[in-house]
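So the structure is just underneath, and the comments pick up after that.
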């Protein structure tokens, strides 16, 4: 699986992560330390657990996150540079990349059912259960979904949005003429939502970038579901020159 | 540039590979890029991928000891396209085509152009994270070397399985039978192999992989005539690729162990840089049949850097 690519020295980062996990300090055999380095075997998270994995610096509602942190349906999650967090809120699951700020929204304060998600900056891969409509917002886009898997990147100039599967109603916030409904079975129509173009021209086709089907399969597993497709798209393959 | 102006074999080889391989590849890439530039359909339905690589081989003739070993450097450019055809919800057929070429620095006749077609029938029971993917595959390769003896075709058939171990580690296994039919019978070869690959997804940073392979079948070495070489040889001929006319190529039965350690680092948009080291050792299954002779071992190291880009 190839994931995001904004790190300068992978060996250094791996070493730091290994040290942070106690890899060389006698706690080698602890499951958490091993899972941090070698990866875990994803399964539905038990009730009361929100976080599957933390890499780097993550804050939830302003406090440093740990594996025991509870993430509510109205929490704000922030990741620092070179950081990532994988978590579950109710029946929705997420991989939030580095330097991202996400605010969850719910209609009732004690509910675990999400009604909205704001991504002001950064990148997030999300899967949502069927049934409840969810409104996704970025600086310049508003998207309505119901039971889909989506990937978003938000920056001041544009939003990248991939309907990995399902249906999404996508609109440019400042341009009511730029609206599009995407029905996708497997990343069929990624889009850029722009600002400042002519009316009706603020949605453009985009490539499939920076997320994988293995990641979707991982977070669907955390909430006890599977992706609607069986074969991942764009699997890693090296040059494999024969001898 | 007129062909008559080329007197250096390396320059001529560059010209030939450029004309036969690189220009068509660039055309292919420009078509794919034009498609992607227009309305940004970058994830091409044809899945075109191009890789350009450099390899240093410290025993290109697969000689049994240091004195006989020859080194060379390979520059390669390949383009591949694949297409997936769903059969039903749990199986599909993947078609793949590759076209490319290698140039060599010191022994131009080891350079080649080749075309390959392959098909695989893949089955995965479900979308469960740990569901393995099974595959039946077959592929055929036609290749034209500067060495007339080496030109011909190859094929490979087999089964493979991909099994996630954790969310960062995949295990990939292959059982294969491969064959080669070349213009010279010394390069006609068959082998059976088992291969295991372990791929570790370094968090946010790429993929580290380790591949082990055991192969039983024919191997070919090129070296001076000697009692040992001739005794274990099934076939031998005077070689046409190396500058030393005294060298012979000989085929023998061998057990070969191959290990590859590599790292694939995402690099730029749709690209990655792949660094790898491959070590291979062949041991003849038949020992020389005269007093005092020891069984030779053929050890080779290859160091590769490849840039891969999808269009």
- Which order do the peptides B:265-276, A:216-227 take when ranked by the mean count of other beta-carbon atoms within 10 Å per residue, highest first? A:216-227, B:265-276
- Give the shape of region B:156-311 as rounded, prolate or oblate, defined through the alpha-carbon gyration tensor: a ≥ b ≥ c are the square roots of its eigenvalues, a/c under 1.5 means rounded, and otherwise the shape is prolate if a/b is larger than b/c and oblate if not. prolate
- Message: Can you classify region B:3-310 as rounded, prolate or oblate using the Cα gyration tensor, where a ≥ b ≥ c are the square roots of its eigenvalues, rounded means a/c under 1.5, and otherwise it's prolate if a/b beats b/c and oblate if not?
- Response: oblate
- For region A:185-218 and region B:229-298, what is the separation of their Cα centres, given in Å? 48 Å
- Task: Within a 10 angstrom radius of each residue's Cβ in B:73-83, how many Cβ atoms of other chains show up on average? Whole number is fine.
- Result: 1
- How would you classify region A:66-199 from its alpha-carbon gyration tensor, with a ≥ b ≥ c the square roots of the eigenvalues: rounded for a/c under 1.5, else prolate if a/b is greater than b/c, otherwise oblate? prolate
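When you look at the Cβ of every residue in B:164-171, what mean number of other chain Cβ atoms sits within 10 Å? Please report the intermediate quantities before stating the final value.
Details: counts 7, 3, 8, 16, 9, 2, 5, 0.
Mean partner shielding for this stretch: 6.
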- Query: Sorted by packing (mean other beta-carbon atoms within 10 Å per residue), highest first, where do A:123-133, B:296-306 land?
  - Reply: A:123-133, B:296-306
- Message: Per-residue Cβ counts within 10 Å, from other chains only, averaged over B:122-131: what number is that?
- Response: 5
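Bear in mind these aren't lab numbers, they're just calculated from the coordinates by the rules spelled out. Keep in mind the model is a prediction, meaning the values are calculated, not measured. Neighbour counts run over all protein chains shown; Cβ positions are idealised from the backbone, glycine included.
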